[in-house]
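Below is one structure; the comments refer to it alone.
Coordinate-derived values only; no laboratory data. The model shown is predicted, which means the values in this text are computed figures rather than measured ones. Cβ: placed from backbone, ideal geometry, glycine included. Neighbour counts: every protein chain shown.
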Amino acid sequence: MTRLYSFHGGVHPPENKRQSLGAPIRQAPLPARLILPLQQHIGKPATPLVAVGDTVLKGQKIAEPSGHVSAAIHAPSSGSITYIGLQPVPHASGLESPCIVIETDGQEQWIERQPLTDYQQLDKQALIRHIRNAGIAGLGGAGFPTDIKLNLGRDHIVNTLIINAAECEPYITADDALMRERPDEILSGIEIIAHLLQPSHILIGIEDNKPNAIKALRDAIRARKLPIDLVVVPTRYPSGGEKQLIQLLTGIEVASGSIPADVGIVCQNVGTAAAIYRAVILGEPLISRIVTLTGFALGHRQNYEVLIGTPFSVLLESAEVDRSRMFRLVMGGPMMGISIEDDRIPVIKTTNCIIAATREEMPPSPPAQPCIRCGMCEQVCPASLLPQQLFWFAKGREFDKARHHNLFDCIECGACAYVCPSNIPLVQHYRFAKSEIRNEEAEQLKAAQARERFEARQARLAREEQEKEQRRKERAEAAAREQARKKAEAEQADAGEQDPEAELKKLKTAASIARTKLKKARDALKNAQEKGLDGTDKLEATVLQLEQSAQAAEQAWQNATGVQH
Amino acid sequence: MALIHLSSPHVSKANATDRVMRLVLLATLPALLALTFFFGWGSLIQLCLAATSALLFEAVCLRLRKRPILFFLRDGSALVTAILLALAIPPFAPWWVVVIGSFTAIVIAKHLYGGLGNNPFNPAMVAYALLLISFPVEMTQWNAPFVLIGDSWKALASFPESLMIIFSGVNHHLIDAYTGATPLEVLKHRGGMTTEEVWRNVPVLSDGVFAWYGISAAWLMGGVFLIYRKVITWHAPFAMISILFLLSSLFYAGDPSNFADPFVHIGVGATMMCAFFIATDPVSCATSNRGKIVFGIGVGALIYIIRTWGSFPDAAAFAILLMNLAAPFIDHYTQPRSYGHRRANRGIGGGR
């Protein structure tokens, strides 16, 4: 028997699981329209392979993964593609996202299935490719594409394979029902996973509130003589959180910021294991899953086998919903699920539960009272954080301090908000702080890039300016040199030979200027004499002087002319 | 019907601040009974006075601050403050002492700082310290427990007499007959006597100390109840009492004639009340489990230091207020080690 460890904190909310376990898994009705979001998990959306008007067969691949973290999508039933575009999808903020809509023809006509019953003889990469092509993603929570986790054996040593059967959230019984009714599918899936990862230990972690599932699995394990440890853990939320389950079963903590494979552990959900079995042994891609329909607004509370893409409304009608009593519609569990406003949205690969709750069942929380730092949140936090401090930091926008208090190790399990006596929506505050920090970081990155660009441009401009200046200087120098050269040449020419024509012109101009000056002086003198002004004698002298210089100029010009001619 | 859109989690535990406060009120009951048993009706009258005035001041403040009055009055925090204050002051102090106390606690120490959850200091202790400094005579006049003045409970002032003492304060005959020093005062102002001589010669110690022990036991009972109901954790009380016991044992062992023995320090005065009801106030004390231990150690050490070498006989209020000042600092240096981290973060953070 494996030793059991424990994790810090945790809560035990009312389980509310009994009401959906009264009847076996039931086949949900085939809807008229199936809506398949191209993105059902983190990573990149898939790329459509079909166009509007195409007819598709059940199990036909209609979108293929684009990039590493991405999953293929298959037609859950036969029919024709009627629309590719935005549709409301399960999203915490009620956003729309690209979807493929199939109008079903009711024939349920399968495409030819390609099982790999002899997978043990196959190359591992080919087997992983087959699983990737089957569109399998984690059915437990985040919907992480499974092939990536199965490929970890290549660069990690995987000691321990943990199969997560804890299903710790209240209300949800999808995994419980699967384990009760199809334990062999799960074990065959585990065998395939073990073949790929070659772990030395295989552990199944299951909460002790599922005695029937424990018995079914134990019997199946015994019948097959498999080396699997079935570990029953106490019922305490969130024991099914990946990191918490690892801590419970192995006592190992996964370091902040790294993945379980870094400590030699890979976790898979029981639902995922069954899906792998169906993909490999039966050749059926992931086109359906088990969904718990529960909540007191429903007439039939039980588990349904549901085609991916089935609108919630179809399921709610099938479960005889009383819409007048339905107050809150939740996808997932009450602790971490998202509330849904529009029941036309489809079931996706990660939809494990739909709760149609009445007002009495999930009343709106009373107004929040001030935080008195009572510390009840601290006592239940499975990540050993100080939620009360994080709350103050988030509220005061002191994000540096929030980070310093390991805000990003918060798994948003909601245990703190569950116990808070002041009814403070703590998780909402943490989500706010996280998104603000992410935005801030993106802004900072953008700003840093912009600054880099700006600085590069400034440097380029400065360099160009400098080069221009350099060229200008060079040109100026060249011009100056040229001018100096020309001047020198001209001087040489002057020295060698005078230009007679120019000389003559000069003399002529001088003579005419002298004449004009003389005339003006004479006019002035005449004027002065007429008016009887003082100082005429001075003017007279000037006139005399000018007469002489005019004569001289005239003479010079005459002489020059004479010389020439 | 329109569906509501809310963030997870969608359920919460029926766990409310007023429930927490009610449990605290319930936990003060043994102490109230013990005080009434040993000292008469005084504490009960003080309690009624304090509760009424505190609720009134709270309502006025909420009104001035334009906050929903009933919503906040229901949380019971003002009541808890009032009761702790009422049980801390001498049972026959004049009525205006406790009214000034609740004014200080509710208006100055709580609402001027932003109301519930935002006060850096414990309101009851702010009020107690202010009263002790401002009215030292009234605040140190404890009446003698009945075991010192008569054979039975009947020796104490009757209910009408008690009312008269508290409200008129003129009956000097009654006051002089009943008031006396507390054990801690006697030990402090001992003249030249050794501890042993004090124990032998002063009736409040030789005969009356069991009254104080009884009251401490009652506070302890309340505290254990709160720990059992998970309203408080063991960390701060345990740390505080242990360090006080340790320090007093050390000094008593070194010089038994000059220092009081550890059981006096633990069993007399405000030690037990402080450990379980004041040092565990979540708002003004350190918040993480390790922080609570550091906080408790600080309070315990300060109580011993101030009692032994300070000028006041008891020290709980001052020790708490000093440690309240240090609480944010303690918080920054006592983060727990989070999941997946090799060691706990230290310091304020920021300025990476």
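Just rank A:THR542, A:THR250, fewest to most, by other beta-carbon atoms within 10 angstrom.
A:THR542, A:THR250
GNM, chain B, Cα, under 10 Å: largest mean-square fluctuation among B:VAL98, B:VAL224, B:VAL268?
With Cα springs under 10 Å in chain B, the top fluctuation among B:VAL98, B:VAL224, B:VAL268 is at B:VAL224.
Starting from the exponent 0.38 and prefactor 2.2 Å, build the expected Rg for the protein assembly as shown from its residue count and divide its actual Cα Rg by it.
Taking the Cα Rg and dividing by 2.2 N^0.38 Å, one obtains 1.57.
Tell me, what is the FRET efficiency for B:ALA14 and B:VAL60 to the nearest 0.05, using R0 = 30 angstrom and their Cβ-Cβ distance as r?
So, using R0 = 30 Å, E works out to roughly 0.45.
By how many nm would the segment from A:GLU469 to A:ARG222 lengthen if fully extended, with 0.36 nm per residue of separation less the alpha-carbon distance?
Difference between extended and current length: 80.1 nm.
Let's see if you can work this out: charge +1 on each Lys and Arg Cβ, -1 on each Asp and Glu Cβ, no other charges. What is the dipole magnitude of segment A:445-565 about its Cα centre, in debye to the nearest 20?
The calculation lands at about 920 debye.
Using only Cα atoms, locate the centre of segment A:64-134 and the centre of segment A:503-565, then give the distance between them in Å, rounded to an integer.
Taking the Cα centre of segment A:503-565 as reference, the centre of segment A:64-134 is 114 Å away.
Under a Cβ-Cβ cut-off of 12 Å, what is the net charge of the residues other than A:GLY10 that fall near it, where Lys and Arg count +1 and Asp and Glu count -1?
Net charge around A:GLY10: 0.
With Kirkwood's inverse mean 1/r over C-alpha pairs for Rh, give me the Rg to Rh ratio of segment B:209-331, two decimals please.
0.96
Determine the sum of side-chain charges near A:GLU440: Lys and Arg each +1, Asp and Glu each -1, restricted to other residues whose C-beta is under 11 angstrom from that of A:GLU440.
+1
If you filter segment A:312-354 for trypsin sites (Lys or Arg not before Pro), then keep DSSP loop positions with at most 15 other Cβ within 10 Å, what is left?
A:ARG323, A:ARG344
Taking 0.36 nm per residue of separation and subtracting the Cα-Cα distance, what length does fully extending A:LYS517 through A:ARG129 add?
128.6 nm
At q = 0.09, 0.12 Å⁻¹, what base-10 log of I(q)/I(0) does the Debye formula yield for chain B when every alpha carbon is treated as an equal point scatterer in vacuo?
-0.52, -0.89
Find the centroid of the Cα atoms in segment B:225-247 and in segment A:230-304, then give the distance between the two in whole Å.
Using only Cα atoms to place each centre, the spacing works out to 41 Å.
Along the charge dipole of chain A, pointing to its positive end and built from +1/-1 on Cβ of Lys, Arg, Asp and Glu, which listed residue (A:PRO425, A:ILE228, A:THR272) has its Cα farthest out?
A:PRO425
Considering only C-alpha atoms, what is the centroid distance from segment A:358-382 to segment B:60-117, in Å?
25 Å
When A:LYS531, A:LYS520 are ordered from fewest to most other Cβ atoms inside 10 Å of their Cβ, what list results?
With the fewest neighbours first, A:LYS531, A:LYS520 line up as A:LYS531, A:LYS520.
How would B:TRP199, B:TRP142 line up from fewest to most surrounding beta-carbon atoms within 10 angstrom?
With the fewest neighbours first, B:TRP199, B:TRP142 line up as B:TRP199, B:TRP142.
Please report the base-10 log of the normalised intensity I(q)/I(0) for segment B:181-259, using a Debye sum with one equal scatterer per alpha carbon and no solvent, at each q in 0.19, 0.24 (1/Å).
-0.94, -1.13
Which entries in the list A:LYS17/A:LYS395; A:LYS61/A:LYS124; A:LYS349/A:LYS401 go over 29 Å, if you measure between the two C-alpha atoms of each?
As for pairs spanning more than 29 Å Cα to Cα, those are A:LYS17/A:LYS395; A:LYS349/A:LYS401.
Sort B:22-34, B:287-299 by packing, meaning the average of other beta carbons within 10 Å per residue, with the highest value first.
B:287-299, B:22-34
Report, largest value first, the span of the C-alpha coordinates of segment A:366-483 along each principal axis, in whole Å.
Cα extents, longest axis first: 94, 25, 16 Å.
Just B:SER284, B:SER168, B:SER12 to compare: in a GNM of chain B, with alpha carbon springs under 10 Å, which one fluctuates most?
The residue with the greatest mean-square fluctuation here is B:SER12.
Would you please report the Å³ per residue occupied by the convex hull of the alpha carbon atoms in segment A:101-143?
Residue-normalised Cα hull volume stands at 137 Å³.
Determine ³J(HN,Hα), in whole Hz, for all residues of segment A:145-158 in sequence, where each value follows from phi through the Karplus function 6.51 cos²θ - 1.76 cosθ + 1.60 and θ = phi - 60°; x replaces Gly and Pro.
x, 5, 4, 5, 5, 6, 7, 5, x, 6, 10, 10, 8, 9
Could you calculate the FRET efficiency of B:LYS230 with B:THR52 from 1/(1 + (r/R0)^6), where r is the beta carbon distance between them and R0 is 30 Å, rounded to 0.05?
Plugging the Cβ-Cβ distance into 1/(1 + (r/R0)^6) gives 0.45.
Under a Cβ-only charge scheme (Lys and Arg +1, Asp and Glu -1), can you give me the dipole magnitude of the protein assembly as shown about the Cα centre, in debye to the nearest 20?
460 debye
For the pair B:ASP255 and A:GLN545, how long in nm is the line joining their label points, each one 7 Å along Cα→Cβ?
Placing both labels 7 Å beyond Cα along the Cβ direction yields 12.1 nm.
Distances longer than 25 Å among the Cα atoms of segment B:17-180: what percent of all pairs is that?
Considering segment B:17-180, 32 percent of its Cα-Cα pairs are separated by more than 25 Å.
Expressed in nm², what is the orientationally averaged projection area of the convex hull enclosing the Cα positions of segment A:204-253?
3.5 nm²
What FRET efficiency, computed as 1/(1 + (r/R0)^6) with R0 = 56 Å and r the Cβ-Cβ distance, is obtained for B:SER168 and A:ARG397, rounded to the nearest 0.05?
That gives a FRET efficiency of 0.50.
Can you compute the modelled spin-label distance between A:GLN555 and A:ALA448, with each label point 7 Å from Cα toward Cβ, in nm?
Here the modelled spin labels are 9.4 nm apart.
Taking K and R as +1 and D and E as -1, what net charge do the other residues with C-beta under 12 Å from the C-beta of A:ALA553 add up to?
Neighbour charge sum, excluding A:ALA553 itself: +2.
Starting from the Cα of A:ASP322, step 7 Å along the direction of its Cβ; do the same at A:SER365; then give the gap between the two resulting points in nm.
Here the answer is 2.8 nm between the modelled labels.
Need one value for B:330-338: mean number of C-beta atoms belonging to other chains within 10 Å of its residues' C-beta atoms.
Partner-chain Cβ atoms within 10 Å, mean over residues of B:330-338: 5.
Just round it to a whole percent: the fraction of Cα-Cα distances in segment A:18-358 exceeding 30 Å.
Looking at segment A:18-358, the distances longer than 30 Å represent 32 percent of pairs.
In debye, nearest 20, what is the charge dipole magnitude of segment A:18-358 about its Cα centre with +1 on Lys and Arg Cβ and -1 on Asp and Glu Cβ, if you could check?
Using Cβ point charges on Lys, Arg, Asp and Glu, segment A:18-358 gives about 380 debye.
Which residue, chosen from A:LEU116, B:LEU156, A:ILE193, occupies the Cα position most advanced towards the positive end of the dipole of the protein assembly as shown, where the dipole is computed from +1 (Lys, Arg) and -1 (Asp, Glu) charges on Cβ about the Cα centre?
Of A:LEU116, B:LEU156, A:ILE193, it is A:LEU116.
Give me the inter-chain shielding for A:388-399: mean count of other chain Cβ atoms within 10 Å, whole number please.
2
Could you point to the residue in B:TYR228, B:THR52, B:LEU6 farthest towards the positive end of the protein assembly as shown's charge dipole, with +1 and -1 charges on the Cβ of Lys/Arg and Asp/Glu respectively?
With unit charges placed on the Cβ atoms, the residue in question is B:LEU6.
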